[in-house]
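Below is one structure; the comments refer to it alone.
The values are calculated or read from the model by the stated rules, or taken from the named source; none is laboratory data. Predicted model, so just to flag it, every value in this text is computed and none were measured. Please note: Cβ atoms are built from the backbone with ideal geometry, for glycine as well, and neighbour counts cover all protein chains shown. For accessibility, only protein heavy atoms count, side chains too; no ligands or nucleic acids. Shrake-Rupley method; radii C 1.70, N 1.55, O 1.52, S 1.80 Å.
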Amino acid sequence: MKPVATLSRRRALQFFAGVPMLPLSSAFAGSFLLAGCGGDDDEVAAPAAPAATLSSVSFSSMPAPTLADAAAMATTTVGSVMSVSFSDSSKVDFKLAYQPFFVTGDMVSDGNGGKILAGGYVDIHNQPIMDATVSGKERQFFSDAPDGTSLLKIDGAKVAGVKGNTVFAVVQFEYTTWALDGKSDMYGKLPSPIAVLTLDQDPATGKLTLVKYHNVDTSSVSGLWITCGASLSPWNTHLSSEEYEPNAFTAAGETQFKAFSKNLYGNETAANPYNYGHLPEVTVNADGTASIKKHYCLGRISHELVQVMPDNRTVFMGDDATNSGYFVFFADKEKDLSSGTLYVAKVGSGFSIDPAAAAAPLSWIKLGSATSSEIKTLASTLKATDIMDVKTADPLDATYTKVNANGKTEWIKLKSGMEKAAAFLETHRYASLVGASMGFTKMEGTTVNIKDKVAYSALQNIQDSMVKGGKYNTVDNGIALPAALKAGAVMALNLKGGQKDTSGTAINSEWMPVDTKALITGEDIMADALGNTANPNKIANPDNLKFSEKMRTLFIGEDSSQHVNNFLWAYNIDTKALSRVMSIPAGGESTGLHAVDELNGWTYIMSNFQHPGDWGGIHSVVKTTLDPLIKTNYKDKFGAAVGYLTAEPTQTKLKKA
């Protein structure tokens, strides 16, 4: 018997020189063996050396682009190196790059021999919604704001055209900014599309290639409203969002909601505001199609990005509103969000955004228990005025309660017997009425660190309702900071079991947030030479959050009106190192974040961006130079990319490992 040949670690790394992303499994980290056969019985193969295991992952921090390299400011720029250390003291460096699947507005394969418009809008009958604002140039509306993305695989998946492994990405499109005329504001006036991408994963390199684009039929859920962040559930479904729920008291007279209804249904009055502001869930099928349902029992709030805990029942929710709160839903059954109990937090004393300060305790108010079907029935049978009276001026009547909700001061009175309807359809107002701490500003992404039992929550900015004396700050609600911090913060919340709600009833979850404190903050500055009003070497206005268990890294995407270019950051929660990983085209926002530790052995960081070249006051220095570049790159600023972070194809450093 001939000796077993051993492929050296150096040689193995050379073999994988073309990989687009590191497989973090021990199989890759260890020795590679080539089996032989035949020979004398007394010849025994040497035992394989123990496989080296992953020790740590770190990211170098790329510099922020400047006008000296205007081209870099006008596109996705990646200058970070991901360094992976193993238990045998070896280290591999991967130079990162960005790989888009498409730019919205591209014509891509529908998997049936035809083409479909990426990010294109359709009505309740799945017919294209046309932009006719420029005569003679009519075209289907398409989004410039791709957002929440989930990468997943389905057992037994089989789609024509896939040569390697079949994997899927669910991508939702939040809105489009402008019509073709460049003047008509389209925000929230179109029903949000959501698509399933069938991707061909090369087993040898991990590269993902788009094979099929499928629009999910949302007609059964009355269409979708402003889908923002998203997450992958532990049971492999895409949990979507509908943020900035329409005001049911005023929607019928508002230009935005009437336009939404007209574009969706063909008339201005068909859409019911109570059908929006819920949690949609998408289930992908093995053929690259999908089904969708809406859960009405998780509260009608500004759903941004929810996180299901490992118990498959506890759901921690982002609430992207002014006067927002911490909400938790506890499902009656595992892996089933169709019924359960909704809670909202009361913040105790000591709330601070100083990372050195102690955590402020949280207690939980039970808002109610319900099934999705019963709340959906209430949504279709009740009007807002059936649930409560709302006044915008003081009625000088003690039966009304003054509250701050959705960035407004109101006086409300609940109608008799309408507690459940109010809890699940007028959640913000009802939570304020029962004494919850509804004082946060734009609480966006949420994610969880399972090993340490810590949740993370993004506060995009910290002002007004969070500041003592602010116009919409509620006295004695636990949130009264001495000063604003527009650049925002990421909060950390410890998770524990054995908790009771404020009535003394046990909460049957081991994953309830029990306190909150600042983990990392931004820094407001006077405008620098480029126009930044927040320190460019710190986070500003955090939005998307995703945590990688294997990398021990919190990824932070910005939605910043203070950074000229928004960034994607990696924050190692053990070393406290903050690294700038990617720069988004100027005027754009980092979206679609999803950290995937392992998919068929490969690791991915999904990342999109939206509305490049959407200029604000901070862009006065760069606008003239960058506007023509961004128009060239992204379809006159009507397009934006959907893609992922990869390693550069040449991988020259790998060969030197």
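Taking the criterion of being in contact (Cβ under 8 Å) with a residue 12 or more places away in the chain, open to solvent by 30 Å² or more (accessible area, probe 1.4 Å), more than 27 Å from Thr371 (Cβ to Cβ) and assigned to a strand (DSSP E or B), the residues of the stretch 390-412 that qualify are Lys391, Thr401, Lys408, Thr409, Trp411. Evaluation of Val596 against the conditions (1) over 24 Å from Asn461 (Cα atoms); (2) out of contact with any Phe, Trp or Tyr (no Cβ under 6 Å at 6 or more places or on another chain); (3) open to solvent by 10 Å² or more (accessible area, probe 1.4 Å); (4) touching a residue at least 40 places away in the same chain (Cβ under 8 Å) shows that the sole unmet condition is (2). Taking every residue in the stretch 180-198 that is without any contact (Cβ under 8 Å) to a residue 40 or more places away in the chain and pairing it with any residue that is of a type outside the set (S, T, N, Q) and open to solvent by 40 Å² or more (accessible area, probe 1.4 Å), at least 6 positions away or on another chain, the pairs with Cβ-Cβ distances below 7 Å are Asp185/Trp178.
Total residues in the stretch 113-133 satisfying the condition of being open to solvent by 40 Å² or more (accessible area, probe 1.4 Å) and either modelled with pLDDT under 95 or assigned to a loop (DSSP other than H, G, I, E, B) (or both): the figure is 6. Counting only strands (runs of 3 or more DSSP E) that sit wholly inside the stretch 217-322, not one has at least 3 residues that are closer than 22 Å to Ala458 by Cβ and β-branched (Val, Ile, Thr). Looking only at residues in the stretch 184-238 that are more than 16 Å from Tyr644 (Cα to Cα) and among the acidic types (Asp, Glu), the one that is surrounded by the most Cβ atoms within 10 Å (Cβ to Cβ) is Asp217. Filtered by the rule that a residue be among the basic types (Lys, Arg) and in a strand (DSSP E or B), the stretch 328-372 gives Lys333, Lys346, Lys366.
Once the stretch 510-559 is narrowed to residues that are among the β-branched types (Val, Ile, Thr) and outside any strand (DSSP E or B), the residue that is least open to solvent (accessible area, probe 1.4 Å) is Ile539. Taken together, the residues in the stretch 323-339 that are surrounded by 22 or more Cβ atoms within 10 Å (Cβ to Cβ), under 21 Å from Ser363 (Cα atoms) and out of contact with any Pro (no Cβ under 9 Å at 6 or more places or on another chain) amount to 6.
For beta carbons closer than 6 Å, sequence separation of 6+ or different chains, a first residue in the stretch 567-592 that is under 16 Å from Gly522 (Cβ atoms) and a second that is acidic (Asp, Glu), the qualifying pairs are Phe567/Glu558; Glu589/Asp559; Ser590/Glu558. In summary, Ser261 fulfils each of the numbered conditions (1) without any contact (Cβ under 8 Å) to a residue 60 or more places away in the chain; (2) open to solvent by 10 Å² or more (accessible area, probe 1.4 Å); (3) over 25 Å from Ser432 (Cβ atoms) with the single exception of condition (2). Listed conditions (1) free of Cβ contacts under 8 Å to residues at least 60 places away in the same chain; (2) more than 24 Å from the chain's Cα centre (by Cα) are all met by Leu279, apart from (2). The sole residue among Glu254, Glu281 that is more than 30 Å from Glu410 (Cα to Cα) and either surrounded by 17 or more Cβ atoms within 10 Å (Cβ to Cβ) or at pLDDT 95 or above (or both) is Glu281.
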